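Remarks on the structure that follows.
The values are calculated or read from the model by the stated rules, or taken from the named source; none is laboratory data. Everything numeric in this text was worked out from a predicted model, so none of it was measured. Here the Cβ positions follow ideal geometry from the backbone for every residue, glycine too, while neighbour counts run over all protein chains shown. Protein only, heavy atoms only, side chains kept; ligands, DNA and RNA dropped before computing areas. Shrake-Rupley method; radii C 1.70, N 1.55, O 1.52, S 1.80 Å.
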Amino acid sequence: MVLSIGPFLLFEWQLTRRHNRKQLSIDQNQICFGGSCVPLAELKSISSGQFKVVMERFFPSLEKAAVMVNRPVGGAATLRAATDARQKLRDHSLTITKQDGKQVPWIGALAFFESSDLEAFFATLRQRKPELEIELPPIAE
């Protein structure tokens, strides 16, 4: 019985540990999500869903061709599902823009937290840095 239930319990434990490691915080001098930190002094704007993966940016035809070659019958459905999944990921991600123009993507950052926690985070961030440009969709429950 332990051998049949054990792997599932181990998998659940690993997922819980990974989720608990994701923290969104504001320190005295920086904001952090997971292992990525951006100093408040370098922060220019925060917006949602602006990043593109490398394949989308540089090789959109190559990605489509690879899917169609590997799955000639269901390739179109696979591409639609991948497009929908990317859009959901964009909707739950943040793009941090620094003063020098560099962007830092926080992929999936909005999906990890309750809406009340996100509202409190952004309210505190607006208090700390009032000139910060924040472009987010309304945070839904």
Scan of the stretch 74-106 for residues that are closer than 15 Å to C37 by Cα, over 10 Å from the mean Cα position of the chain (by Cα) and in contact (Cβ under 8 Å) with a residue 12 or more places away in the chain, ordered by number: I96, T97, K98, Q99, Q103, V104
For the stretch 114-140, enumerate the residues that are in a helix (DSSP H, G or I) and not charged (D, E, K, R). S115, S116, L118, A120, F121, F122, A123, T124, L125, Q127
Among the residues of the stretch 26-39, write down those that are in contact (Cβ under 8 Å) with a residue 60 or more places away in the chain, closer than 17 Å to Q127 by Cβ and open to solvent by 20 Å² or more (accessible area, probe 1.4 Å). I26
Flagged in the stretch 123-132 as of a type in the set (A, V, I, L, M, F, W, C) and in contact (Cβ under 8 Å) with a residue 40 or more places away in the chain, in numbering order, are L125, L132
If only one of S45, S4 is touching an Asp or Glu at 6+ places or on another chain (Cβ under 7 Å), modelled with pLDDT of 70 or more and of a type in the set (S, T, N, Q), which one is it? S45
Filter the stretch 93-113 down to the residues that are at pLDDT 85 or above and in a loop (DSSP other than H, G, I, E, B), then identify the one that is surrounded by the most Cβ atoms within 10 Å (Cβ to Cβ). S93
